[in-house]
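Undergrad: One structure is given below, represented as structure tokens, and several questions about it will come after.
The values are calculated or read from the model by the stated rules, or taken from the named source; none is laboratory data. Values in this document were obtained by computation on a predicted structure and should not be read as measured data. A quick note on method: Cβ atoms are made from the backbone with ideal geometry, for glycine too, and the neighbour counts reach across all protein chains shown.
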Amino acid sequence: MTQELNVLALIKGAERFVFVYDDDSKAALIDDIRDKAANPAVALNWFDAAVLTQRVRNPQTEPDPADQFDD
């Protein structure tokens, strides 16, 4: 039996955030994204975290073009 993996990526300026996860690790990934947003040393902010966690919860939804903007 093959295990499916999901890939979620965010490119923010020079930084790259790439998350590879399976369906069983969604909750842990959401916690990790929130921890990164809470860390001032990481360029991931709370808006980014909200968008990413929404994509983890609902991977079939299309991204909203309004969410795509330049910093």
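Undergrad: Answer yes or no: is there a residue in the range 23-31 that is hydroxyl-bearing (Ser, Thr, Tyr) and either under 9 Å from the mean Cα position of the chain (by Cα) or at pLDDT 90 or above (or both). Explain how you work it out, then say what you get.
TA: First pass over the range 23-31, keeping only residues hydroxyl-bearing (Ser, Thr, Tyr): 25.
Those still in the list that are either under 9 Å from the mean Cα position of the chain (by Cα) or at pLDDT 90 or above (or both) too: 25.
Looking for residues that are hydroxyl-bearing (Ser, Thr, Tyr) and either under 9 Å from the mean Cα position of the chain (by Cα) or at pLDDT 90 or above (or both), one finds at least one in the range 23-31, hence yes.
Undergrad: Here's another thing I want to ask about it. Please enumerate the residues belonging to the range 1-60 that are exposed (fewer than 10 other Cβ atoms within 10 Å of the Cβ), in a loop (DSSP other than H, G, I, E, B) and in contact (Cβ under 8 Å) with a residue 12 or more places away in the chain.
TA: Residues satisfying the conditions are GLN3, GLU4, GLY13.
Undergrad: Let me ask another. Determine if the range 7-22 includes at least one residue that is among the hydrophobic types (A, V, I, L, M, F, W, C), modelled with pLDDT of 95 or more and in contact with an Asp or Glu (Cβ under 7 Å, 6 or more places away or on another chain).
TA: Yes, the range 7-22 contains a residue that is among the hydrophobic types (A, V, I, L, M, F, W, C), modelled with pLDDT of 95 or more and in contact with an Asp or Glu (Cβ under 7 Å, 6 or more places away or on another chain).
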